[in-house]
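I have placed the structure first, in the form of structure tokens, so that the comments after it can refer back to it.
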Amino acid sequence: MDSQDTVVKRFAILIGINAYLERPLKACVSDVKRIKAYLDGLRPRVDVTILTATRSDIDLEPSDPTEDLVRWPTHKNVIAAIDSVNSTAKAGDLVYIHFSGHGTREEPVREFSNQSTGDLALVLLDEAKRRAVKYLWGHKLALSLKAMVDKKVVVTLVLDCCFSATVYRNDDPEVRFLPYDPAVGSERITESQSLVATGDDTSRDVSMLPNWMINPDGYAILSACGPHEEAREPKFDGENHGALSYFLLRALDSVSAAAKHKDVHDYIRANFKKCKIPQSPVLYGNKGQAFFAPPESGAITVTVPVIEKGGGLQVQAGVAHGVGNGDQFLLYPLGSTDLRLGSQQDSIIAHVTNTGAFASSLKLSQPTSIHIKTGWIARPLTRSSLQRFPVRLDSTLPNQEEWLALLRERSLTMATDSQFSFHIVLKGVNECEILDEQGKKIPNTPIIAVYNRAEFSYVCDLVEHLARFRAVEALSNSGRDDLSSPFRQSFKIHMSHISSGGQVTIDPGDLVEVENGERVRLILENKGSQVLYLFIYSMSSGWQIENVLRGTYDPIPPMNAGPGFGGKYDKGLKFTVPKKLKEKGCTQCEDTLKVFVTSRPTSFDMLELPELGGAPKKPGIGGGRESDDDMPGDWEAFNFRVRTSLRQG
């Protein structure tokens with residue numbers, strides 16, 4: 001092990017509460033004790049603090065937790081545990097906080113409240129009133145996490161609870177939610193304004209900060225479900241467990257605590273779907289982090305989860321993600337580290353036989369005796385969507401057959417006539433550049449020296465990157481009349497900008513002009529009766545596609561869903577001219593905001609791209625029945641164009 005790694009310290013704070021006076025739970029304490037047993041077996045050692053409240057098996061009436069008071073998960077003890085770790089941890093250290101218990105939610109009544117879902121809180125015990133509860137509000141928790149992140153401590157927070165009053169049932173003791181009590185909430189300390197004022201993220205060209213989250217590059221949150229759903233305690237192996245805690249521990253047991261959060265999240269959501277658990281785990285923040293491994297720089301490998309379904313296999317990506325019939329995927333178990341085809345005996349190729357909106361049926365390309373399990377990972381090998389963007393090769397380029405082979409490996413086709421999307425031309429003796437359909441050099445692309453196959457391959461990587469960008473930009477649900485479909489009529493979407501001439505409304509497809517640093521509001525109104533799911537991606541002038549939300553999705557429950565759900569999403573996005581462009585003398589840039597609205601949860605991770613030239617090297621590859629997805633879904637995609645200019649004078 002590297003000597004630098006040996007000085008990295010690992011901390012865990014585990015919180016489990018069964019002994020609530022109102023609506024006690026069954027599995028929270030046992031869940032965190034199992035996690036502690038796993039952590040105790042890790043090397044290097046993890047410094048674990050565990051706070052639990054166990055119900056007595058003897059007393060029929062509610063009683064104090066069986067633990068000593070100093071080990072109770074009170075508001076005071078939890079904050080003290082976090083502060084203690086923060087005072088000890090140094091830059092590069094790793095902190096994991098796990099909460100299993102009740103959550104709650106207050107209606108959005110404050111300036112910085114989340115208007116679509118309300119304000120969220122963890123329900124802890126009250127040190128001043130035995131057996132009573134005290135809320136740890138999301139913004140207060142975020143301030144504590146921010147203190148760690150500011151020191152460059154790597155933080156992971158797992159929340160196995162729910163915040164949805166709409167699904168609360170008086171006769172269901174397995175739901176991890178307590179209704180909001182104004183008497184308890186009256187003691188709230190309003191610190192959200194200071195959090196938002198200091199937490200603005202200036203590292204990206206388009207940024208959006210949720211009301212109780214901090215800079216998402218420094219930490220990650222894995223939540224059992226969205227704020228509109230319920231987290232339950234179903235039975236697995238004959239015992240009650242929190243579903244998130246159960247499958248999280250299975251994922252870590254299968255691989256290690258060094259697994260990336262994205263891979264762990266994919267494993268969990270695949271198993272939730274297979275087991276028909278009616279909740280969708282959500283990942284916020286830095287998905288490239290791990291529980292107990294230093295974050296890795298660079299792009300994250302594009303993968304999607306696989307589930308066993310109806311005797312077949314299904315990849316959790318479909319038409320909405322640009323997947324087409326015949327597309328090939330490399331399948332491998334969670335935890336595989338070397339993804340080069342043929343480097344592992346348990347790597348398998350499959351192809352798509354039928355696509356649904358959000359999932360597609362797979363068929364193995366060759367028979368195998370290996371049992372492919374739910375939670376395996378699928379990596380795209382071929383993409384039929386890229387064939388819509390043919391490539392033209394300049395006739396003066398040497399080694400034409402070699403160029404053709406490299407383009408075919410990347411699912412790119414050659415232009416057979418004058419219609420093409422990209423033109424690779426020779427510039428000078430041994431340099432080439434990439435032109436667009438009009439014969440103009442594509443902005444922000446390099447001129448590349450080409451002397452050997454490695455440099456040919458790099459040029460083809462760039463063209464593939466550009467084609468993938470164009471494919472995402474072109475994604476739309478074009479199979480129907482968008483404006484007249486029932487799903488399209490269930491919501492209204494637009495952007496709003498206040499300029500010198502007053503407030504301007506921007507419809508999808510329109511261009512809005514803004515000055516550097518200005519904000520534009522994205523507004524979505526849910527006019528229907530079902531939950532909508534919102535996904536927002538910035539498509540920058542540097543050919544990068546980035547998740548603006550830095551979370552799996554934002555749900556917008558309908559207005560009639562219950563107290564606290566306003567049926568409206570209204571948040572501001574700040575646009576800036578990238579530093580790299582300003583250094584080149586550019587005074588403006590044009591970006592596209594890609595917005596997806598769906599009728600059910602999914603993930604669009606596979607659409608993301610790093611800046612041009614930052615993509616990981618692709619592994620080399622050698623020479624149905626109807627999808628049985630039992631939740632067909634609706635979706636729409638919209639493009640908003642934003643031109644950002646530096647202020648004059």
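Where a number appears in this text, it was derived from the coordinates with a stated rule and is not lab data. All of these numbers come straight from a predicted model, not from anything done at the bench. Neighbour counts are summed over all protein chains in view; Cβ atoms, including those assigned to glycine, are modelled from backbone coordinates with ideal geometry.
Just a few scattered comments:
- Rough spin-label spacing in nm, given labels placed 7 Å along Cα→Cβ, for Leu249 and Ser63: 2.5 nm
- Relative contact order, percent, the stretch 386-474 [alpha-carbon distance under 8 Å, six or more residues apart]: 29 percent
- Flagged links, alpha-carbon separation over 26 Å, of Lys140/Lys574; Lys134/Lys527; Lys276/Lys527; Lys9/Lys235; Lys152/Lys568: Lys134/Lys527; Lys276/Lys527; Lys9/Lys235; Lys152/Lys568
- Lysines with Cα under 16 Å of Lys129, excluding same-chain neighbours fewer than 8 positions away: Lys76
- Among 13-23, 46-56, the peptide with the highest mean count of other Cβ atoms within 10 Å heads the list, and the full ranking is 13-23, 46-56.
- A cut-off of 5 Å between modelled amide H atoms, ignoring neighbours fewer than 5 places along the same chain, links Asp634 with Ser599, Arg600.
- Size of electric dipole in the stretch 386-474: Cβ of Lys, Arg +1 and of Asp, Glu -1, about Cα centre, debye, nearest 20: 160 debye
- Between the beta carbons of Arg521 and Lys274, assuming R0 = 35 Å, the FRET efficiency works out to 0.35 to the nearest 0.05.
- Distance between the 7 Å Cα→Cβ label points at Met559 and Ser256: 5.4 nm.
- Centroid-to-centroid, using Cα positions, the stretch 3-43 and the stretch 127-156 are 16 Å apart.
- Inter-centroid distance (Cα atoms) of the stretch 461-511 relative to the stretch 530-590, Å: 12 Å
- Rounded FRET efficiency, nearest 0.05, which uses the C-beta distance separating Gln366 from Ser499 and R0 of 45 Å: 0.15
- Inter-site label distance for Lys151 and Ser485 at 7 Å from Cα along Cβ, in nm: 5.0 nm
- If both residues of a DSSP beta bridge must be in the stretch 386-474, then about 65% of such bridges are antiparallel.
- The H on the amide N of Phe291, modeled in the peptide plane, is under 5 Å from the matching H of Ala259, each at least 5 residues off or on a different chain.
- Cβ-Cβ distance of Thr301 and Arg71, R₀ of 30 Å, FRET efficiency by 1/(1 + (r/R0)^6): the value works out to about 0.15.
- Ranked by how many other beta carbons lie within 10 Å on average, peptides 485-498, 247-260 from highest: 247-260, 485-498
- Counted residue by residue at 0.36 nm each, then reduced by the alpha carbon distance between them, the extension gain from Glu473 to Tyr38 reaches 152.2 nm.
- From most to least packed by mean Cβ count within 10 Å, the peptides 636-645, 283-292 give 283-292, 636-645.
- Per-residue ³J(HN,Hα) for the stretch 417-432, Karplus 6.51 cos²θ - 1.76 cosθ + 1.60, θ = phi - 60°, Hz, x for Gly and Pro: 9, 7, 8, 8, 9, 9, 10, 8, 10, 7, 10, x, 8, 10, 10, 9
- Candidates per trypsin sites (Lys or Arg not before Pro) in the stretch 427-466, loop by DSSP, up to 16 other Cβ within 10 Å: Lys440
- On full extension, the segment bounded by Asp83 and Lys568 gains 171.0 nm, given 0.36 nm per residue less the C-alpha separation.
- Sequence-distant contacts, meaning Cα pairs under 8 Å at least 6 residues apart, place the relative contact order of the stretch 503-583 at 37 percent.
- Here the Karplus curve 6.51 cos²θ - 1.76 cosθ + 1.60, taken at θ = phi - 60°, turns the phi angles of the stretch 449-465 into couplings of 6, 10, 10, 8, 4, 4, 6, 4, 4, 5, 4, 5, 4, 5, 5, 4, 4 Hz, with x standing for Gly and Pro.
- Near the amide H of Asp47, within less than 5 Å, lie the amide hydrogens of Arg10, Phe11, Ala12, all on another chain or at least 5 residues away, with H placed in the peptide plane.
- Residue-by-residue Karplus 3J(HN,Hα) for the stretch 549-554, coefficients 6.51, -1.76, 1.60, Hz, glycine and proline x: 5, 6, x, 4, 6, 10
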